Amino acid sequence: MKIGVVTFPGSLDDRDALRAIEMAGGQGVSLWHGSDNLKEVQAVILPGGFSYGDYLRCGAIARFAPIMSSIIIAAEHGFPVLGICNGFQVLAEAHLLPGALTRNHELHFLCKDQPLRIENNNTMWTSGFQMNQEVIIPLKNGEGSYQCDDATLNILESEGRVVARYLGQDPNGSRNLIAGITNERGNVVGLMPHPEHAVETLTGPSEDGLPFFTSILHQLVGR
Amino acid sequence: MALDTVSIAQETPDTAQPYKELGLKDDEYLRIKSILGRRPTSSELAMYSVMWSEHCSYKSSKVHLKQFGEKAPHSDALLVGIGENAGVVDVGQGYAVTFKIESHNHPSFIEPYQGAATGVGGIVRDILTMGARPIAVMDPLRFGLADAPDTHRVLPGVIAGIGGYGNCLGLPNIGGEIVFDETYAGNPLVNALCVGVMRHEDIKLAKAHGTGNLVVLFGAKTGGDGIGGVSVLASETFNAAKPTKRPSVQVGDPFAEKVLIECCLEIFHEDLVVGIQDLGGAGLSCATSELASAGSGGMNIQLEKVPLRDPSLSPEEILMSESQERMCAIVEPEKIKRFMAICKKWDVTATVIGEVTDGLQLNITFNGQLIVDVPPRTVAHEGPVYNRPIAEPEYRKSLQPISSAVPRPTSPEEIKSAILKLMSSPNLADKSWVTSQYDKYVQGNTVLAQPEDAGVIRLDEVTNLGVAISTDANARWSYLDPYEGAKLALAESCRNIAVAGAKPLAVTNCLNFGSPEDPGVMWQFAETVRGLADICLELGLPVTGGNVSFYNQTGSVAILPTPVIGVLGVIQDVRERTPMGISREGLELFILGKFDDNLSGSEWAHLFGEIGDSSPVLDLAQEKSLINFLLAGQSLFDAAHDLSNGGLAAAISEMVLRHGIGAKITVESAGIQLFVETPGRVIVAVNTANAEAVVELAQTHGVEISSLGSTGGDALCINDSVIPILELRAAFEETFPKLFG
């Protein structure tokens, strides 16, 4: 199973995402932002980092990279895409997911081991979780406050499209403590916390992030 | 202003030049004239002024620093020593590790965010220049009193700058220190350490060899920021009467640096450079003269080719600009095409600005006119050397022992309130408000990070080889006795490495002091260097490089002498590292090492405004035995924690607070034993099954060991005093948000 990880200029957690894919048993394939070639991968991860230095707005420039034109078309036809942190911001800018990520309410970068509840295990990236499973996954960003209008929020909540929600103290001022969402079809998921940093207890707070990577591999095998 | 060329300089020997404004003294200016046999051109004057500044030339410290060479221990691990951008040590399995610490103190006072940010950027480029991938950073910081208004301007900006730059580069921040003392008001210390890793064969040096090879400037375009930063900012005492120096602080662009890192690593991977140098302090003046001086000597530069952000810059300004995120490489002509292609891939501007020649002079032209014609060694390596007057400072004669005004708590209530007071004091309180603004996870190899005793990074995912790094300083001890203070700081740093389970291997240092023109400060400095050189020789640890920051002084008040010591250690299997926190109930607690009753320099005495009269004296044999014991017993410990600031009281509180598991300990003379900071002590938490083996091991190593108590419960119990963890945690965690939130 080949899963691609896109490197934009300024991507940081691309190698970590590749490592997580390999640990889950998949084959990680590095994709370059400047090419529209998806190299026959069966799913794509947009990694964390500061693509283009977060200039203009987070994800606003990366969204126009040549690789994104291929990803957007594929995603609209059900191709699995996971955006982590900056990747989530890129997905929002690309309108593959609704809403926007804005500065944390305390206006600081925040790095912490964040408790979450997985509230949707019907997506291609979360099927390996128990419903309402509580997990701990690192959160690290300066602009992770999820915002959208009331109508969108209603749709997300009523359709069960909130994939993960923050537990405990509100880390960043996200509406309804939203940590991650999915599109209607469940193939595109955006997540502010970093599951690729919770794949071994030696270097992370838990192994709770691993199911994001095993889920997609199982889904692809089952196709 | 008309271009001041070499021929004009020859024709107009008596033209008045603003050398004083550029920070040069009368005799230094005369020396430049005698080297050149004429007056310098304005461009040459600009180059000499920045390169002969205290910051670049080490003119006041050189005579002392040479001890690091004279007393250097033999080390098989040292691959590249002092003099290059950073030292390199062999950590085994073909890996080489480079690390270095530098100061960015003065810019961070003027403009906290950009000063601190570009401090990170500068040290990261030093590491990159050696051919290494940067893998972690650390930031030892010192500020004025926590409740002083200016600290509230400086600290949040410094933290945001370090985070803003380091996070964007994708470098985990794994440790450091934050200490408050009133002498740092107006002179905050912002030191930055970076560590990088490479294979042995990938080491790069800053040398320009090979006639006809090309000089390539790549990275960001050159702008007007940071002009004269080293000569004006870092080499002069602040004076409130002078105009603001904001324009002298560089402005950082971490995205440009991140792209530059990846671009350089790809260039290194294809072996496309002969030599490489980053542009930091003194910009192009430094890079061209150092590359040429360390190489065969001759170099021609066409300055008009330098890509400019601001086209109005004069040649002098181009030479002095400290614009960030720039590198200078020496490339063979047949490799230039591939070099340029990689730069293009990463959208990095790269321009050939000159070539290596077979001559002996560094020649710089501007639109065909010769404006610099100098022997590069005279600029880069043969600056002035001062043997400044040294005198033991007067204050040492009036030091008083700790008085009875400093309480020695004994009753349960007194002990409880003392612990709560200590753990909520800014120097010991929880630093999460700061460290949560740093990314510690990126790169996925962080095994230990703050608040642990040392940061531990995995180098190899298959063999689990790793490195540990710790930075330490105890400025109050250095104030009481700079010779012992320096030795004790280094010993503490080694202990922190050993506590985590790693073997100390090499040393870097950042020596922060007041004005070298003050004989008392110079005495502190000389004693510090003597102490460091002595202990490095005794422990067999090479000093791989470092940095001196003078002029950390406001008026006649100098900062406490603050030698920040960084020690690098190697750990064969990072899975075996020992954390500091108590993670289980029912463990036995032991304390290693002896204590005395000298509260001088302790945090407890500091809380009552006293510093005392004498620092501890390092017991080197004991320190060595303790380190050997820790390394031999690594697999027997569940947790281990060094006793330093705040003594036993702070150490046991920190161990308890890490995972919220309590402890019950017994001490004989609580009033002293809890708060004294006698060095050479460690607490270990041990599974009962291993207790006997630990005691035996300590005795074998000649290390004093005594039972302290056991773990468990939801309180820290000291004798009959019960401190609920909830209460302790509240006191520990509320200080920073209250002050800076």
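The values are calculated or read from the model by the stated rules, or taken from the named source; none is laboratory data. Keep in mind it's a predicted model, so treat the numbers as computed, not measured. So basically every Cβ, Gly included, is an ideal-geometry build from the backbone, and we count neighbours across all protein chains shown.
Matching residues to (1) assigned to a helix (DSSP H, G or I); (2) in contact (Cβ under 8 Å) with a residue 24 or more places away in the chain; (3) farther than 23 Å from B:Phe180 by Cβ:
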| position | (1), (2), (3) |
| --- | --- |
| B:Ile402 | no, yes, no |
| B:Thr410 | no, yes, yes |
| B:Ile419 | yes, yes, no |
| B:Glu452 | no, yes, no |
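Within the group A:Arg19, A:Arg63, which residue is more than 13 Å from chain B (Cβ to nearest Cβ) and either assigned to a helix (DSSP H, G or I) or crowded, with 23+ Cβ neighbours inside 10 Å (or both)?
Details: A:Arg19 fails: more than 13 Å from chain B (Cβ to nearest Cβ).
Answer to the selection: A:Arg63.
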When you check B:Gly186 against the structure, is it in contact with a Ser or Thr (Cβ under 7 Å, 6 or more places away or on another chain), away from every other protein chain (no Cβ under 14 Å) and at positive phi, yes or no? yes
When you look at A:Pro138, is it touching a residue at least 24 places away in the same chain (Cβ under 8 Å), out of contact with any Pro (no Cβ under 9 Å at 6 or more places or on another chain) and crowded, with 17+ Cβ neighbours inside 10 Å, yes or no? no
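Matching residues to (1) among the small types (Gly, Ala, Ser); (2) at pLDDT 95 or above:
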site: B:Glu28; (1), (2): no, yes
site: B:Ala46; (1), (2): yes, no
site: B:Leu65; (1), (2): no, no
site: B:Lys71; (1), (2): no, no
Please state which of the following conditions B:Ala341 fails to meet, knowing it meets all the rest: (1) more than 14 Å from every other protein chain (Cβ to nearest Cβ); (2) surrounded by fewer than 23 Cβ atoms within 10 Å (Cβ to Cβ). (1)
Of the numbered conditions (1) within 13 Å of chain A (Cβ to nearest Cβ); (2) surrounded by 21 or more Cβ atoms within 10 Å (Cβ to Cβ), B:Ser432 satisfies every one except a single condition; which is it? (2)
Looking at (1) within 14 Å of chain B (Cβ to nearest Cβ); (2) touching a Cys at 6+ places or on another chain (Cβ under 6 Å), find the lone condition where A:Gly34 falls short. (2)
For segment B:435-453, does any single residue satisfy the condition of being more than 12 Å from every other protein chain (Cβ to nearest Cβ) and under 15 Å from the mean Cα position of the chain (by Cα)? no
For a quick check of your reading: which strands (runs of 3 or more DSSP E) sit entirely within segment B:251-336 and have at least 2 residues that are in contact with a strand residue (DSSP E or B) (Cβ under 8 Å, 6 or more places away or on another chain) and over 30 Å from B:Glu111 (Cα atoms)? B:298-302, B:326-331
Yes/no for B:Leu459 being within 25 Å of B:Val682 (Cα to Cα) and either touching a residue at least 24 places away in the same chain (Cβ under 8 Å) or within 14 Å of chain A (Cβ to nearest Cβ) (or both): no
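Do we have any residue at all in segment B:415-424 that's more than 8 Å from chain A (Cβ to nearest Cβ), more than 12 Å from B:Val574 (Cβ to Cβ) and among the hydroxyl-bearing types (Ser, Thr, Tyr)?
Looking for residues that are more than 8 Å from chain A (Cβ to nearest Cβ), more than 12 Å from B:Val574 (Cβ to Cβ) and among the hydroxyl-bearing types (Ser, Thr, Tyr), one finds at least one in segment B:415-424, hence yes.
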Would you mind stating whether B:Leu284 is surrounded by fewer than 21 Cβ atoms within 10 Å (Cβ to Cβ) and away from chain A (no Cβ under 14 Å)? no
Return the residues of segment B:641-680 that are among the charged types (D, E, K, R), assigned to a strand (DSSP E or B) and over 28 Å from the mean Cα position of the chain (by Cα); say none if nothing qualifies. B:Lys664
Which one of these does A:Tyr55 not meet: (1) surrounded by 20 or more Cβ atoms within 10 Å (Cβ to Cβ); (2) modelled with pLDDT under 95; (3) on the phi < 0 side of the Ramachandran plot? (1)
Would segment B:553-572 turn up any residue that is among the hydroxyl-bearing types (Ser, Thr, Tyr) and touching a residue at least 60 places away in the same chain (Cβ under 8 Å)? yes
Counting just the residues of segment B:354-365 that are surrounded by fewer than 22 Cβ atoms within 10 Å (Cβ to Cβ) and under 36 Å from the mean Cα position of the chain (by Cα), which one comes out nearest to the other protein chains (Cβ to nearest Cβ)? B:Glu355
Return yes or no: is A:Asp13 surrounded by fewer than 24 Cβ atoms within 10 Å (Cβ to Cβ), acidic (Asp, Glu), facing chain B (nearest Cβ under 10 Å) and within 24 Å of A:Tyr146 (Cα to Cα)? no
Taking the stated definitions as given, is A:Ala92 buried (at least 21 other Cβ atoms within 10 Å of the Cβ), away from chain B (no Cβ under 14 Å) and touching a residue at least 40 places away in the same chain (Cβ under 8 Å)? yes
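To keep it simple, each residue is scored yes or no on (1) within 20 Å of A:Arg57 (Cα to Cα); (2) in contact with an Asp or Glu (Cβ under 6 Å, 6 or more places away or on another chain); (3) modelled with pLDDT of 95 or more; (4) within 14 Å of chain B (Cβ to nearest Cβ).
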| site | (1), (2), (3), (4) |
| --- | --- |
| A:Cys111 | no, yes, yes, yes |
| A:Pro115 | no, no, yes, no |
| A:Asn121 | no, no, yes, no |
| A:Ser127 | no, no, yes, no |
| A:Gln130 | no, no, yes, no |
| A:Gln133 | no, no, yes, no |
| A:Lys140 | yes, yes, yes, yes |
| A:Ser145 | yes, no, yes, no |
| A:Cys148 | yes, no, yes, no |
Considering every residue within segment A:47-54, establish whether at least one is over 17 Å from the mean Cα position of the chain (by Cα) and either within 14 Å of chain B (Cβ to nearest Cβ) or among the small types (Gly, Ala, Ser) (or both). yes
